[in-house]
Every structure is written in structure tokens, then in C-alpha cells.
Amino acid sequence: MHPHEGGRKRVQAKRRARYPSRSRGASFRQTVLNCIRSRPVPHSKPLVTVTRKLPDIVETRMRELFNTQLNIDDVAMSREALEAAVAECRVLVPTVTDRIDADLINKAGDNLKLIANFGAGVDNIDVDAAHARGITVTNTPNVLTEDTADLTMALILAVPRRVTEGAQVITEDNQWQGWSPTWMMGHRIHGKRLGIIGMGRIGQAVARRAKAFGLSIHYHNRNPANPAIEEELEATYWDSLDQMLARMDIVSVNCPHTPATFHLLNARRLKLMKPEAYIVNTARGEIIDEVALCKAIDDGEIAGAGLDVFENEPAVNPKLLGRPNVVLLPHMGSATIESRTEMGEKVIINIRSFVDGNAPPDRVLPMDA
Ligand code: 8YV
């Protein structure tokens, strides 16, 4: 054998292992062509329009993955700007501050195929109109549950225990005259009854916290919760919202805003509540008739309110302002870097699955589904 023969055979064997088709006689060029043909054809990146500034880490990833139009200034897009966006983009990423109604959806171009909402609630979107145009709608459930429940609990504590009122006493021009046995007395929450309207994910997370604070859990929902959950929370189901309202010390609104829950708490229902009862809302302002709520507080029909959401955001009924028994927060239930980042991640997963031709995990189904 030639001195190099053994080496050449080893190289040929290696090549055969690497390029099996060559060993069957196909030319090297053919092999390369086959490889190229079997590679997925890279499709152009979809145009994704994001209506508000999102956490940097989310925006960076979106720019890597998609042809992304960002709103760096974070000024809410005008109606005209939204119309121009939907006429062009393949995916729209709106937030609670954008009204994606039937009129806007009907102005969308044929390209628009997905509305990937940055938020769990989709009352800002006419989902039926989107479906009628063959546009898929997704949202971002789960990831904001715990943070929203924390903020709800903060309001459940803040109103009866006069937390913001107390915090205003010690400011730079310290007004505090010193401790007194009868000053800043609020009301105990331990042992009181909490009535939760809407026992979904957030309602249950609120119930878990409230139970640990010694509140007894009552709830109203379209259907009773799973028996295992009722047992865990020692929760009492009220089929009648009216009857529940009349017996609660604190009422927490945790249901979505739909046509069925618009003004669910109207003047008549607010009158059913005990005059010592408080109301907390971290869901949507539209669920409570805000004018009726102001009147109920004025007339002493309820003892106070803790509100994170309002009927006409960002406007707040002036009658709610400057009251010691009303704590107001600017829609910040999910405002943690963790929630907002995970909401962004969900948006990205929904878009990617959709673009890849798969069903996005957080599809919003038609209302009557
Ligand atoms: C979000 C919310 O901040 O997700 C929701 O439904 O209410 C908020 O926590 C807001 O909707 C983002 O669009």
C-alpha cells in the first residue's frame, strides 16, 4: 500500500459519513443544492406597530424579531396615527389607552392579521369586529395576577386604616402633634366580610391574601368556583349580587368589563350596601357608575372607596378628589417591572406563534364561545 493510502481512505470514510449522498454517487454540487433547497425560505419580518413605550428589554427583543415600529416618546397615538398604522401593519400591539373599535378595525388594511394586546383586559378592543374581519386577538393573562392582587390588598387596607391620610400628616412641614389615643382611628379588617365580584384568577389571588388577613371570603360570579378552590378559600358563593352587597364590609371589584358588567354597581346596588362598607376597584372604572358612587359617598350610603381605575381615564370625577375616605391610584395594578416585562414576553410569544402559523397561546375567543 502506498504510504499515503491509509490516510486517504480515512479521509474518504469521514467524507462519506458527513455527506452520505456523495457516497451514493451524487455530486458535491448536488448535495449543496439539496441542502439549500431543504432550508426554510426566510420570510420577511412582519411589520409590528406598538402603540406605547414598553420596557426596554421587550422593545429590544421585538426589534430583533420583527420589523417593529416603536413609540419611543410614549405619547398616546392619535386616531389618525392609529388609522395609518392599521392600514399598513401586520400586527398591532395596543394597550388599554387605545380604542380599537369597529370603525378603526374596518379601516384596517388586508395586512392586519393580529391584534396582540399588551394587557389582560380587552375591553379596549371590539373583539367581535376583529373576528368578523378575520383578525386574531390575543391578550396577556396570568402574569399580572399577583401584582394586581397585591395592589387590591393595599387598597383594602389603605381605606379602612386611613393609610394615605396618615401619610399626609408627616410631610416636610411636619404637622404631627404627637400620639393620641383617639386620633387616626380607622376600622379593623380582621374578622370582616369581603365580597369579591368576579372570582377569576385575580379574584382568587385577592381572596388568598384576604384570607391570610383574617377576612371571611364571599364572592359573586357567573358560576360557582371549582369546589377545591371554594374549600381552599373557605369561600361562600352568592348567586345574588344584591344579597351579597347588602351583607359585606368590603366589596372588591375583580371582574372584566363587558357589556354585561357595565355599571354593574349602579345607584340602586350601591344603596344596598351597608353605610359602614368600603368599595375597592382595581378592575375597570366602567363597572361602577362613578357619578352614583360620588353621590353614595356624599350621602353617607357607603363609608369610602379605594379606586385604581376610573370610568373616563385619565379623567377623574372631581367629586372623588380631596376626600379623606377615598384613596385614588392612577391605574397601576400591574405596574411592576416584572409584570410589564412578562406581559411584553407574552405579546412576543403570541406574535411569534401566529407568524409561524401556529395558534397563539392567548387567543381571545368570541364573547359567546
Ligand atoms: C394594564 C390592566 O396595565 O391588563 C390589564 O387589563 O388593567 C392593566 O394592568 C393595562 O391594561 C395595559 O394595557
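The values are calculated or read from the model by the stated rules, or taken from the named source; none is laboratory data. Keep in mind that this is a model prediction, so the values were computed, not measured. With ideal geometry, Cβ positions are generated from the backbone for all residues, glycine too; neighbour counts draw on all protein chains shown.
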With Glu338, Glu342 as the choices, which residue is part of a helix (DSSP H, G or I), within 13 Å of the ligand (Cβ to nearest atom) and buried (at least 18 other Cβ atoms within 10 Å of the Cβ)? Glu342
Just name the residue that is surrounded by the fewest Cβ atoms within 10 Å (Cβ to Cβ) out of those in the stretch 270-285 that are in contact (Cβ under 8 Å) with a residue 60 or more places away in the chain and more than 12 Å from the ligand (Cβ to nearest atom). Glu276
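Rundown of residues vs (1) surrounded by fewer than 13 Cβ atoms within 10 Å (Cβ to Cβ); (2) within 16 Å of the ligand (Cβ to nearest atom); (3) among the polar types (S, T, N, Q), yes/no style:
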{"position": "Val137", "(1), (2), (3)": "no, yes, no"}
{"position": "Thr148", "(1), (2), (3)": "no, yes, yes"}
{"position": "Thr164", "(1), (2), (3)": "no, no, yes"}
{"position": "Gly178", "(1), (2), (3)": "yes, no, no"}
{"position": "Thr182", "(1), (2), (3)": "yes, no, yes"}
{"position": "Gly186", "(1), (2), (3)": "no, no, no"}
{"position": "Gly191", "(1), (2), (3)": "yes, no, no"}
Condition broken by Ala315, with the remaining ones in (1) hydrophobic (A, V, I, L, M, F, W, C); (2) out of contact with any strand residue (DSSP E or B) (no Cβ under 8 Å at 6 or more places or on another chain); (3) in the same structural domain as Thr95 (by TED's automatic domain parsing) satisfied: (3)
Going through (1) in contact with a His (Cβ under 7 Å, 6 or more places away or on another chain); (2) in a helix (DSSP H, G or I) one by one, Leu194 fails only at (2)
Based on this model, can you work out whether Ala130 counts as away from the ligand (no atom under 15 Å from the Cβ), assigned to a helix (DSSP H, G or I) and surrounded by 17 or more Cβ atoms within 10 Å (Cβ to Cβ)? yes
Residue list for the stretch 66-86, filter: touching a residue at least 24 places away in the same chain (Cβ under 8 Å) and more than 16 Å from the ligand (Cβ to nearest atom): Phe66, Arg79, Glu83, Ala85, Val86
